[in-house]
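Okay, here's the structure, questions in a sec.
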Protein chains: 2
Amino acid sequence: MDAQLKREVNLLHANVCQALADPTRILILYALGEAPRHVSELADSLEAPQSTVSRHLKVLRDRRLVTTARDGAGVLYSLADARVIDALDLLRAVLMSALSEQGELARRLS
Amino acid sequence: MDAQLKREVNLLHANVCQALADPTRILILYALGEAPRHVSELADSLEAPQSTVSRHLKVLRDRRLVTTARDGAGVLYSLADARVIDALDLLRAVLMSALSEQGELARRLS
DNA sequence: CCGCTACATCCGCACAACCGGATATCCGGA
DNA sequence: TCCGGATATCCGGTTGTGCGGATGTAGCGG
């Protein structure tokens, strides 16, 4: 296998995929896809403690998937690249196919 | 936040994103994107022990991201849905943007 | 029918990631 | 300058996940 591809995939994993490996972070990305938000807003809508949300935001920030801007006393987080949402939506479509196939299978077996 | 979306994202994470949360599995998907392969072929090209590859394949199989077919003495694995590759390529594009931005930043600071 | 190849699973271990309360830091306004 | 609200980070503990050698299992070919 191409060693170049291996290196690139390692980067892809470390910088992007791993960031998507937590449901809370995915929800944060979707929320920011709608509009920029403050940390406390996100904590409220996710019903998660502030420290948890902040920690997840750090993960996304370190990988440059979100950007920050000071806004008065708070910090406004925004989605850095809308294509992340496109990719997630694509994966959702894949999921739907897999699920309906499973349903199909269950139907056949019953 | 919409409880419906939360449920769907949980499924998305459990069934798809978590499967992408390992570089070896991503490489397997790319390899299968080129052509169906046997377990031993994958183990060779990834330079990973057979047990490791087989375990990763189980993860992908359980989530229906790959399909299997018996082929003589062995088992042939194939990519179940090419859109997974599309999504990964999209994320690669996102990564490239983020990296070049980082480079930009490093240049400005130097 | 048997042995062998190809694959799947088991096992014990090590490491990484998440959690959430508590605490520290930052900043704007009075 | 000092207070308070908004975020960030620290901490201890728990759980999850990957690893790879060893061991099971299945099915083809002789």
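The values are calculated or read from the model by the stated rules, or taken from the named source; none is laboratory data. Keep in mind it's a predicted model, so treat the numbers as computed, not measured. With ideal geometry, Cβ positions are generated from the backbone for all residues, glycine too; neighbour counts draw on all protein chains shown.
For the stretch B:19-31: of the residues being within 13 Å of DNA strand C (Cβ to nearest atom) and touching a residue at least 12 places away in the same chain (Cβ under 8 Å), which is farthest from residue A:85 (Cα to Cα)?
At the first step, the residues of the stretch B:19-31 found to be within 13 Å of DNA strand C (Cβ to nearest atom) are B:21-23, B:28.
Next cut, touching a residue at least 12 places away in the same chain (Cβ under 8 Å) only: B:22, B:28.
Details: B:22: 20, B:28: 24 Å.
Applying the filter and picking the extreme gives B:28.
Please indicate, with yes or no, whether at least one residue in the stretch A:19-35 is among the polar types (S, T, N, Q), modelled with pLDDT of 95 or more and farther than 13 Å from residue B:94 by Cβ.
First pass over the stretch A:19-35, keeping only residues among the polar types (S, T, N, Q): A:24.
Checking the rest, the ones that are also modelled with pLDDT of 95 or more come to A:24.
With farther than 13 Å from residue B:94 by Cβ added as a condition, the list becomes A:24.
Looking for residues that are among the polar types (S, T, N, Q), modelled with pLDDT of 95 or more and farther than 13 Å from residue B:94 by Cβ, one finds at least one in the stretch A:19-35, hence yes.
Continuing with the same structure: Which condition from (1) part of a helix (DSSP H, G or I); (2) surrounded by fewer than 17 Cβ atoms within 10 Å (Cβ to Cβ); (3) of a type outside the set (A, V, I, L, M) is the one that residue A:30 breaks?
The failed condition is (2).
Being more than 13 Å from DNA strand C (Cβ to nearest atom) and either in a loop (DSSP other than H, G, I, E, B) or touching a strand residue (DSSP E or B) at 6+ places or on another chain (Cβ under 6 Å) (or both) is the filter here; which residues of the stretch A:38-54 pass it?
The one that is more than 13 Å from DNA strand C (Cβ to nearest atom) and either in a loop (DSSP other than H, G, I, E, B) or touching a strand residue (DSSP E or B) at 6+ places or on another chain (Cβ under 6 Å) (or both): A:38.
Which count do you get for residues in the stretch A:1-43 that are small (Gly, Ala, Ser), more than 8 Å from chain B (Cβ to nearest Cβ) and closer than 19 Å to residue A:68 by Cα?
Of the residues in that region, 5 qualify.
Going through A:63, A:107 one at a time, which residue ends up being farther than 21 Å from residue B:10 by Cβ and at pLDDT 95 or above?
Values: A:107 fails: at pLDDT 95 or above.
Residue meeting the stated conditions: A:63.
Scan the stretch B:55-107 residue by residue and report those that are within 16 Å of DNA strand D (Cβ to nearest atom), exposed (fewer than 14 other Cβ atoms within 10 Å of the Cβ) and in a strand (DSSP E or B).
B:69, B:70, B:71, B:74 - these are the residues of the stretch B:55-107 that are within 16 Å of DNA strand D (Cβ to nearest atom), exposed (fewer than 14 other Cβ atoms within 10 Å of the Cβ) and in a strand (DSSP E or B).
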